[in-house]
Amino acid sequence: MMAQTQPFTFGVKGGVPSLTHLGQIGNQIPFVLGPTLNVRILPRLSLEAGILFHRMGQQSNSGLFQYPDNAVTLFSSTGRGRALELPFLAKYHFLDERRIWRPFISAGPSVRRTSFSSRYFSSVLSGAPLGTTPQLLNSKTVRYNVDPVFGAGVDFKSGRFHLEPEHGTPIGAPEKIPQYGRIKSIFCSAFASK
């Protein structure tokens, strides 16, 4: 991918999701970040692998309603999502290595561990004793997926440094938990070569 004597390059991939999976962002801004390794096979073909951490955001809801008679029920819920992804991608550049910019496509499988944790609290307030106590429920759901991934971008080169803005998305089935949707991200990789 780099000069012909440079078969391996290390870099950092980071980005933001194209959509917010958990609705509201609040103070938990979603992002993707992780190290990558690129192995050059041919002048236009390379293999890329990495470990990407996805912080998918946080969603919070709260409210109150009148129930039971002569009482008020207060509730609050918080949900948060995270994922660890191991992409194994083949990357094909359409132009030769001497160009300053080279469009590329990438495709391959991605192994993903996605975890969703939620916390729910409710309490009943009344002037008369009801015999109920506040409730606090915690849950965590973990899913493992292997999905095909497709991406496209441009490799910009300036001396030893490369910058690769890219859009990538799984093209397989959406996540098994329907309310969270697919992980679609806009990435930017940066790395240096000798």
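Residues in the range 80-94 include none that are surrounded by 15 or more Cβ atoms within 10 Å (Cβ to Cβ), among the small types (Gly, Ala, Ser), over 15 Å from Asp155 (Cα atoms) and without any contact (Cβ under 8 Å) to a residue 60 or more places away in the chain. Being crowded, with 17+ Cβ neighbours inside 10 Å, at pLDDT below 55 and over 24 Å from Pro7 (Cβ atoms) holds for only one residue in Ile183, Ile177, and it is Ile183. Across the range 54-76, the qualifying residues are those that are surrounded by 14 or more Cβ atoms within 10 Å (Cβ to Cβ) and either among the β-branched types (Val, Ile, Thr) or modelled with pLDDT of 85 or more (or both), and the one among them that is nearest to Glu164 (Cα to Cα) is Ser76. Go through the range 96-122 and report how many residues are of a type in the set (A, V, I, L, M) and surrounded by 15 or more Cβ atoms within 10 Å (Cβ to Cβ). Summing the residues that are of a type in the set (A, V, I, L, M) and surrounded by 15 or more Cβ atoms within 10 Å (Cβ to Cβ) in the range 96-122 gives 2. Evaluation of Val142 against the conditions (1) free of Cβ contacts under 8 Å to residues at least 60 places away in the same chain; (2) surrounded by 13 or more Cβ atoms within 10 Å (Cβ to Cβ); (3) closer than 25 Å to Val16 by Cβ shows that the sole unmet condition is (2). The range 43-110 holds strands (runs of 3 or more DSSP E) entirely within its bounds, and those carrying 1 or more residues that are β-branched (Val, Ile, Thr) map to 71-93.
The values are calculated or read from the model by the stated rules, or taken from the named source; none is laboratory data. In this text, all values refer to a predicted model and were calculated from it rather than measured experimentally. A quick note on method: Cβ atoms are made from the backbone with ideal geometry, for glycine too, and the neighbour counts reach across all protein chains shown.
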